[in-house]
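The values are calculated or read from the model by the stated rules, or taken from the named source; none is laboratory data. Note that the coordinates shown come from a computational prediction; the quantities given were computed from them, not determined experimentally. Don't worry about glycine lacking a Cβ; one is built from the backbone with ideal geometry, like all the others, and counts go over all protein chains shown.
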Amino acid sequence: PEMGKYRLKSYSPCIDSGTVTVLNQDLDGNPRPVDVVGVGRDGPGAFDMGCYEYQLKPADMNSDGMVNGEDLLIFQEEWMREGVGADSQE
């Protein structure tokens, strides 16, 4: 990798394809494992290959590794759900 950048891209085949390890954090201190739905072996305990665990983006509501219109729809549905959100009258 150029300039020592070893962090995984969202399209990396190394995501969720590693071997179980006793390490519960990557070199940045991020939790391991992080499952990316639909990539590699799905489910708890699917570690990434390498020293950095791919981290989902905060707005990735459906954990598919991308932030797109589907995430916006999920956010809107959750926001408008009865009993959820803020009310300035309370």
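A few points about this structure:
- Residues located in the range 45-90, provided they are among the hydroxyl-bearing types (Ser, Thr, Tyr) and at pLDDT 75 or above: Tyr52, Tyr54, Ser63
- Residue in the range 22-44 that is of a type in the set (Val, Ile, Thr), loosely packed, with under 12 Cβ neighbours inside 10 Å and at pLDDT 75 or above present: yes
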